[in-house]
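Just so you know, all these numbers are worked out from the coordinates, no wet-lab data involved. Note that the coordinates shown come from a computational prediction; the quantities given were computed from them, not determined experimentally. No Cβ is skipped: glycine too gets one built from the backbone with ideal geometry, and neighbour counts run over all protein chains shown.
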Amino acid sequence: MLSRVADSVYWMSRYVERAENVARFIAVNLQLLLDNPGGEAEQWAPLINTTGDHEDFARRYGEATREAALHFLVMDPENPNSIFSCVCSARENARTVREIISSEMWLQLNKFYLTIKSAPKNLTQTDVLQEFFTEIKQSSHLFTGITDATMTHGEAWHFCRLGRKLERADKTSRILDVKYYLLLRSSGDVGTPFDDIQWAAVLRSASAFEMYRKWHGRISPRGVVDFLVLNREFPRAIQYCLANARDSLHAISGTPYGTYRNGPEKLIGQLCSDLSFASVDEIISHGLHEYLDELQTRINSVSAGIFETFFAFKAQQPQKRSARPLVQSQ
Amino acid sequence: MWFDNYEVGNFFDEMFSKEGSARPSARPLARAIASLPPGELENRQRAAERALLQMGITFNVYGEEAGVEKIFPFDLLPRIVPATEWSLIERGLKQRIHALNLFIDDLYHEQRILKDGVVPREIIFSAKSYREQCVGWNPPRGIWCHITGTDLVRHSDGQIYVLEDNLRCPSGVSYVLENRQILKQLFPQLFSTSRIRPVSDYTQKLRDMLEYLAPEGTTSPRVVLLTPGIYNSAYFEHSFLARQMGIELVEGRDLVVEDECVLMRTTKGFERVDVIYRRLDDDFLDPRCFRADSLLGVPGLMQACKAGNVALANAPGTGVADDKVVYAYVPRIIKYYLGEDILLPNVPTYICAEEKDREYVLEHLDELVVKAANESGGYGMLVGPHSTKEQREEFASRVKANPRNYIAQPTLSLSRVPTLIGDRIEGRHVDLRPYILYGRDIFVMPGGLTRVALKKGSLVVNSSQGGGSKDTWVLADSPQVNMTDSSGVEIGLTDTPQPKHNKGSAPPTGAGVKATSTQSAKETQEPSC
């Protein structure tokens, strides 16, 4: 397929996934704020930090108030990673590949876009927000489901899945990281019932609470990290996502498993293999935040490699937005 | 009740005769609409608009913020063309395209028509769209104008005239196909009884035609559609056609020319392209051959084309026959090449380059429509009766400064079609653009884009200036007695639906009575597309 088309399909699904995960991000913070018996002041700076866009935020907004943070993450058209911008970008990419995706996919994405466009510009009330985020998650799920059910599972579909799974792996690691930033603030809570409540909120924001219960039963930091990083069957777990991404990469190039023919295949193969042999205790003793940080850097290298291998145009003028978010999410 | 206060006025109405009775071909439609309860047409109109917006059937408006899309306004009441009339249109268009193709080929070869003095040399050599680069070149199969969208209008005299030949990159066919999709959902019963000729095989015919152009010896030719990109006003259509034909939609930056062959960049390397349906004007096609500042085209494309390694549709250089001054000579062009009289007449046209005509035009600016030779989309036009003194003076000085660039025509009183305006039906002016494909033979799509000027009294149907579109129903043959209503009563403008007609026409079984109500319930459903 055309390089430009592969690029657009990949970013289309990546942006949809990103919009969903930004909603999840904020949802976890809202949950954590609700379970706040101490009545502490609301913490929004940690959230901005985990997205990696804190410099842009500080420059344009200054202090991280509730209103500022929510506007920046949800509806700010100047923040390329706000939910609004992600959905617009997804749709813009889809518009350039309408002959590749199914009409049903386009219809759903266009509806998604019209929903976001007609949303009030200053959402701050928790109940309204929760409902709004639920709608975003559902729109994204619907899009993913329609993609799987109506598109031939050929090369274009694999590029869709590749984008989606890399994005999800990255964002699950960031959702875990939100908790890390909050721990910094209140390390006295570690091991208390309040801490458990916070970990449960993290699980819920990754739609993982019920599945976790079936697996580990009791909530413990160790268990949550194990589940969200190393589980091979839970669809939002990092290991699961990266294994899927690797499979799609091999399906695209036709290279047998265990070998590699290009940069990103090598990188993702190594990454998957490291995760396969990692243990949760090692991760925690290494330092969870440091471990996640390194993981994000490696996922970014895979993305950069995909760009170089499949999308980059030889000896041509620099191309559109595709390269930018890679830099931003570092 | 819908047509109770409908006025035909001093116009030719496509649906009703002067006396106010429905024309035979339009009777089933008139009857169906008359039977709808108040509010029903608005409901269906809204459902159609929602479907269009959700499907993203939109166009970009130039001059507004990039990426701004609007739905192409759509009116749910179709325009009907009876079979006998269509057969004349079809023959007329085939004749016209046949002659124009011979004309273009002649211009880039022997130029017999110029030597014989039928068309003045200076008209051709001063045409912006005449391409010296094409002189001596033979396009595949000798075809230049593969895809044409000819604009037709009907005057109050009842005659259909050709208004314009769009031979470059005519757009709008996607709306024809989508409008039909929507109408089938809005009026399913009418489709089962009215013998409306289908249009949906257009994309198959288009693909067949394009494949026919592939270089000799290509077994399964790769056909692509070249678009200027998503900010082009017709991008939706480019994407739609590529999807319907199952071909790649490419931008200039996807293509590269190597050793006089066109290749496209794919995730698995470069692949050869055999035929390009280009929706890019000649000017932008190849910066090495035409405009050097074009970033949309492909450097070296013309060379590959001339080497016979790739086919372009339409062929570069075709636009010369699209010049509005050349248009004035088409009746003579047809006579010259085919020895026939023109079947579908031109609108009488004054050529400002000719002194006598120019004098007449300058004296009658308030009655005429003046058009610049190389503009389209309703731009660069003076509609005399609707103009101000200042506008007329400005046009007079423009015509004097560059007479070659202007033609003038009498202001036509375009025919009207009933159109839903708010909650009532009023007449609005329309034109008609059928699409013609020239491949193995010449094919005229049985239908076309009916454009409607939605503003009261307006004659400008262009989408960029407040125009909308309608579905066009070409009937397969003369209307038969309506199968569900055998009463044979003519429904006129003042007729209100008589409940007893329904009862009277119901088959004796009880199920038949129900059938009527089920069908109308079905009709009110929203389109699910």
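Backbone phi angles across the range A:25-34, fed through the Karplus curve with coefficients 6.51, -1.76 and 1.60 (θ = phi - 60°), yield HN-Hα couplings of 3, 5, 4, 5, 5, 4, 4, 5, 5, 5 Hz in residue order; Gly and Pro are listed as x. Neighbouring Cβ atoms from other chains, within 10 Å of the Cβ of residues in B:222-235, number 1 on average.
What's the FRET efficiency of B:ASP208 with B:LEU295 using the Cβ-Cβ distance as r and R₀ = 35 Å, to the nearest 0.05? Let's see the in-between values first.
Details: r = 32 Å, r/R0 = 0.93.
In this case the efficiency is close to 0.60.
Counted residue by residue at 0.36 nm each, then reduced by the alpha carbon distance between them, the extension gain from B:ASP116 to B:GLU260 reaches 48.1 nm. In this structure, A:ARG298 and B:ARG141 have a Cβ-Cβ separation that, at R0 = 60 Å, corresponds to a calculated FRET efficiency of about 0.60.
Within the listed set A:LYS171, A:LYS121, A:LYS214, the residue fluctuating most in the Gaussian network model of chain A (springs between alpha-carbon atoms under 10 angstrom) is A:LYS214. Please work out the FRET efficiency for the pair B:GLU354 and B:GLU40, using the Cβ-Cβ distance as r and a Förster radius of 60 Å; give the result to the nearest 0.05. With R0 = 60 Å, the Cβ-Cβ based efficiency is 0.65. Arranged from fewest to most other beta-carbon atoms within 10 Å of their beta carbon, A:TYR240, A:TYR181 become A:TYR181, A:TYR240. In this structure the amide hydrogen of B:SER194, modeled in the peptide plane, comes within under 5 Å of no amide hydrogen from residues 5 or more places off or on another chain. Cross-link pairs exceeding 28 Å between alpha carbons, from the set B:LYS324/B:LYS455; B:LYS324/B:LYS389; A:LYS111/B:LYS456; B:LYS18/B:LYS470; B:LYS205/B:LYS306: A:LYS111/B:LYS456. The long axis of helix B:40-55 is offset from the longest Cα principal axis of chain B by roughly 30 degrees. Taking the average, over residues, of other Cβ atoms within 10 Å as the packing measure, peptides B:426-436, B:237-247 rank B:426-436, B:237-247 from highest down. With neighbour counts taken as other beta-carbon atoms within 10 Å, the residues B:ARG222, A:ARG18 rank, fewest first, as B:ARG222, A:ARG18. Averaging Cα coordinates gives a centre for the range A:206-241 and one for the range B:120-156; these two points are 68 Å apart. Compared with the dominant Cα axis of chain B, that is its longest principal axis, helix B:83-107 is turned about 10°.
Label sites at A:THR255 and A:LYS117, each approximated as a point 7 angstrom past Cα along Cα to Cβ, lie 4.1 nm apart.
Once the Cα atoms are used to define both axes, helix B:173-186 deviates from the longest principal axis of chain B by about 10 degrees. For A:ILE238, B:ILE442, the sequence from fewest to most other C-beta atoms within 10 Å is B:ILE442, A:ILE238. Between amide H atoms placed 1.01 Å from N, distances below 5 Å from B:LEU226 occur with B:VAL250, B:TYR277, B:ARG278, B:ARG279, all of them 5 or more places distant or on a separate chain.
Close amide H contacts of B:ILE421 (hydrogens built in the peptide plane, cut-off under 5 Å, sequence separation of 5 or more or a different chain): B:GLU426.
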